[in-house]
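Presented below is the structure to which this report refers.
The values are calculated or read from the model by the stated rules, or taken from the named source; none is laboratory data. This one's a predicted model, so the numbers in the text were calculated from it and none came from an experiment. FYI the Cβ positions are ideal-geometry reconstructions off the backbone, even for glycines, and counts take in every protein chain you see.
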Amino acid sequence: MRFVLRSYFFKSLHRLFYPKACVICRLALIKQERQICAYCLRKLPKTRWLNPQENPVFNVFRGRVPIGHSGAFLVFRSGGITRKLLHEIKYKDNCDLALWMGEMYADELLQTSRPQVDFIIPVPLHRRKQKQRGYNQSEAFAEGLGSKLSVPVCTEFLQRRAFTQTQTRKSRWERWRNVADVFVVSHPEELKNKIIMLVDDVVTTGATMEACVRVLLNAGAQRVDVHTIAYAKE
């Protein structure tokens, strides 16, 4: 009991002198706030795309690979709020923020209709990159979606078999060539005639997700939907 009281005392003292800060504006959060203050939460650049087959993400893949429904939670602008959030998620190991993004996006999707999917599959990292980063931000986002949508998140079906360079600052052609043939499906019999929701952190040219969609469809998936935390226009 004494240990519990001491632990509570020191945690309270730490919060007093080092209060948790909003990941966007860096001002102190109040007790009910989670990661983002109420003011910044209202400023999130949500896409609010209601048509899952007529939106900018869907148009990224038009004529390249057949996808089902599509969407993104936020719009990415250079120097904007979404950039700060993605940097926090990818480079500051903020797994809880990625999870929360998935939960909030699920709430947005449920305002129109419940997505009819069998599995949620995050775009995988190569094991070397995941070891360097500590976790897969797309998997955390998927877990947030899955918890609200009551859909299982499966990481065993899709693997990245080759370590690739970052896609940042590459042209459309270089991005496509960088990820061509690097993904492989395990247990294809489990995916036959299934509807998959493929998720990632951000879509720009769509090269990575296109490569994933192709192998999932070739493995027998009935349909692959595509959803991301953010959409970044080229």
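Structure values in brief
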quantity: Verdict on Val199 being more than 21 Å from Val151 (Cα to Cα) and not small (Gly, Ala, Ser); calculated: no
quantity: Any hit, segment 125-132, residues being crowded, with 17+ Cβ neighbours inside 10 Å, closer than 17 Å to Lys43 by Cβ and among the hydrophobic types (A, V, I, L, M, F, W, C); calculated: no
quantity: Residues being assigned to a loop (DSSP other than H, G, I, E, B) and farther than 20 Å from Ile89 by Cβ - total across segment 23-47; calculated: 3
quantity: Hey, Leu74 of a type outside the set (Lys, Arg), crowded, with 21+ Cβ neighbours inside 10 Å and over 21 Å from Val185 (Cα atoms) or not; calculated: yes
quantity: In segment 175-226, residue nearest to Gln137 (Cα to Cα) [restricted to those that are assigned to a strand (DSSP E or B) and either free of Cβ contacts under 8 Å to residues at least 12 places away in the same chain or out of contact with any helix residue (DSSP H, G or I) (no Cβ under 7 Å at 6 or more places or on another chain) (or both)]; calculated: Met197
quantity: The lone exception for Thr112 - which of (1) under 24 Å from Arg160 (Cα atoms); (2) β-branched (Val, Ile, Thr); (3) exposed (fewer than 15 other Cβ atoms within 10 Å of the Cβ) it fails; calculated: (1)
quantity: Test result for Glu54, among the acidic types (Asp, Glu), under 18 Å from Leu198 (Cα atoms) and surrounded by fewer than 19 Cβ atoms within 10 Å (Cβ to Cβ); calculated: yes
quantity: Residue in segment 160-181 that is at pLDDT 90 or above and either over 20 Å from the mean Cα position of the chain (by Cα) or over 20 Å from Phe58 (Cβ atoms) (or both) present; calculated: no
quantity: Filter result for the condition that a residue is farther than 23 Å from Cys212 by Cα, basic (Lys, Arg) and surrounded by fewer than 16 Cβ atoms within 10 Å (Cβ to Cβ), over Arg62, Arg42; calculated: Arg42
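Table: residues versus (1) within 15 Å of the chain's Cα centre (by Cα); (2) crowded, with 19+ Cβ neighbours inside 10 Å; (3) of a type outside the set (A, V, I, L, M); (4) at positive phi.
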{"position": "Ile67", "(1), (2), (3), (4)": "no, yes, no, no"}
{"position": "Asn94", "(1), (2), (3), (4)": "yes, yes, yes, no"}
{"position": "Ala98", "(1), (2), (3), (4)": "yes, yes, no, no"}
{"position": "Ala106", "(1), (2), (3), (4)": "yes, yes, no, no"}
